[in-house]
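Participant: My questions will all concern the structure given below.
The values are calculated or read from the model by the stated rules, or taken from the named source; none is laboratory data. It should be emphasised that the depicted structure is a prediction, and the values quoted were computed from it without experimental measurement. Methodologically, a virtual Cβ is constructed for each residue, glycine included, from the backbone with ideal geometry; neighbour enumeration extends over all protein chains shown.
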Amino acid sequence: MDSDGYVLFTLSHRLYVQGVRLALRERLTAIFGEDWWEKGVEYALQENQIKSLHSEMERHPHRERHHFIEAAHFGWIIVKHHNDGFADAFNDTIRTFKEIRHLINLRNEWAHIHDIPPVQAIQAADLMKGILASLHREEALEIERMSQEFVLDPESRNARDSIDYLDHQDNGLDTRDLAVSPLELWRQLQSYLVVEKSVELYNDEPDESDESDTLARVTIRVHNTALDSSDWPAVCFSSVVIHAEGAHSPRNLGQLEPGETREFQFSFPVKRLVDVEFQVSGTIDPVKLLEFRRPTPLPAEIISPLQREFGNRLESIGIKEFINTALEEIGAPDANMTLADIAIVRENIRLRANAEAEKRNALASLFEEFHLSRNSTLGSRIREIILALEDFGNKLLALDAAMGQTNLAVITEAVQNLRQIQLAVLRVEDTIRTMARND
């Protein structure tokens, strides 16, 4: 029987493949026009990949071409055409290729294993979301929403039905109604504490070649992956302690709220690694865990029209379209840009910087008209967009200054900053629209 982690990974992977395929077609078409398939796809692949591709195309002659691009092709295509079509999305091609390869390995490893640990499934979904976000695909938002719903309601049937999940039935008894055992609850709570570790070797005396002087810097990074939501128990660790048995006394990282990350570094002679054992322990705050709030919705006949009005007003402001257009006009940094090209881009940047203030004012008016509170969910989301837009405006000014310096590295960094804000605004606006249109 498929586990919840398997369901999340499978659905996320479908969105990932769909989104990257469309992004590749769009970007390669922008570079090569009608020859995007031959010059963009086939040119980037290995000979055996091309043969397999042609075989599939012969079997399905009426299928659109981008559907034949497999996940195993993504890395080759992106790396081959990085400078022309993907520099704005991925700074480090080696890292991107490794991430894509890692997802391929996970897909192969989990193809016949239907019991994927929830934490690993969420981590894989986050990786796919990150790649899609870099390509500015809205599938990233859908994966994020599924990840949140997965944690909020791991027994939700909606996701399972979409991949023909079997009913939880055993002789007529719905097994979803069975109480969770204390051991299962303990394992679930423990799984929220995710640990990463890295080891770096260094020498205090770089000129010395004596291996006995080599030191190890061990970084232990601890994440609380529990969801920060009023609809979910507050899994807060009142203390998180790293034990380095045989090397150091325990290190208390303090309280770790949902979504927070803390880390600590240990240093000692590298040979001592042979006799060092690391453990991470966490203590859950029982008071916060058991505290709950029960939503009390108002009558739908009164609230629904107001929600629709708010959603329509928000959509009419056009935050998403504004940012997408701004980034399209700016384009990707190009070492061959002439001074005339730079002048045109700088003019577009200044126009968008002025328009940003107008969008912010429109959101502020919407905030006032509906008497939103800074502490409410909807009010705080609107404020997040306003602050993100303000940051977007500041980044536009920074990009204008970078263009004036004609420094490609500085320009590339400034554009990357804009891309990050773009995803943040898209995510928040999408969240608000969903809230406003649901009863």
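Participant: So, Val241, is that one crowded, with 16+ Cβ neighbours inside 10 Å, hydrophobic (A, V, I, L, M, F, W, C) and in contact (Cβ under 8 Å) with a residue 60 or more places away in the chain or not? Walk me through it before giving the result.
Facilitator: Values: crowded, with 16+ Cβ neighbours inside 10 Å: yes; hydrophobic (A, V, I, L, M, F, W, C): yes; in contact (Cβ under 8 Å) with a residue 60 or more places away in the chain: no.
Taking the combined requirement at face value, the residue does not satisfy it.
Participant: Something else now. Go through the range 276-299 and give me each residue that's modelled with pLDDT of 75 or more and in contact with a helix residue (DSSP H, G or I) (Cβ under 9 Å, 6 or more places away or on another chain).
Facilitator: Selection gives Gly282, Ile284, Leu289.
Participant: Please find, within the range 256-275, the residue that is modelled with the highest pLDDT out of those that are among the hydrophobic types (A, V, I, L, M, F, W, C) and over 27 Å from the mean Cα position of the chain (by Cα). Steps first, please.
Facilitator: Just the residues of the range 256-275 that are among the hydrophobic types (A, V, I, L, M, F, W, C), to begin with: 256, 264, 266, 268, 270, 273-274.
So of that shortlist, the ones also over 27 Å from the mean Cα position of the chain (by Cα) come out as 266, 268, 270, 273-274.
Details: Phe266: 87, Phe268: 82, Val270: 84, Leu273: 82, Val274: 82.
Applying the filter and picking the extreme gives Phe266.
Participant: Another question, if that's okay. Within the range 88-119, can you find the residues that are surrounded by 18 or more Cβ atoms within 10 Å (Cβ to Cβ) and either more than 27 Å from Ala226 (Cα to Cα) or hydroxyl-bearing (Ser, Thr, Tyr) (or both)?
Facilitator: Residues satisfying the conditions are Asp88, Ala89, Phe90, Thr96.
Participant: Of all helices (runs of 4 or more DSSP H) completely enclosed by the range 128-228, which ones contain at least 1 residues that are modelled with pLDDT of 60 or more, β-branched (Val, Ile, Thr) and more than 24 Å from Ser267 (Cα to Cα)?
Facilitator: Fully inside the range 128-228 and qualifying: 139-152.
Participant: Hey, does the range 112-128 have a residue that's in the same structural domain as Ile78 (by TED's automatic domain parsing), under 27 Å from Leu28 (Cα atoms) and without any contact (Cβ under 8 Å) to a residue 12 or more places away in the chain?
Facilitator: Among the residues of the range 112-128, not one is in the same structural domain as Ile78 (by TED's automatic domain parsing), under 27 Å from Leu28 (Cα atoms) and without any contact (Cβ under 8 Å) to a residue 12 or more places away in the chain, which makes the answer no.
Participant: Just give me the residues in the range 316-342 being part of a loop (DSSP other than H, G, I, E, B) and modelled with pLDDT under 75, in sequence order.
Facilitator: Answer for the range 316-342, where residues must be part of a loop (DSSP other than H, G, I, E, B) and modelled with pLDDT under 75: Gly331, Ala332, Pro333, Asp334, Ala335, Asn336, Met337, Thr338.
Participant: Do the conditions hold for Ile122, that is, is it crowded, with 19+ Cβ neighbours inside 10 Å and over 19 Å from the mean Cα position of the chain (by Cα)?
Facilitator: No; evaluated as a whole, the condition is false for this residue.
Participant: Among the residues of the range 91-126, write down those that are out of contact with any Phe, Trp or Tyr (no Cβ under 9 Å at 6 or more places or on another chain) and part of a helix (DSSP H, G or I).
Facilitator: Listed by number, the residues that qualify are Ile94, Arg95, Lys98, Glu99, Arg101, His102, Asn105, Asn108, Glu109, Gln123, Asp126.
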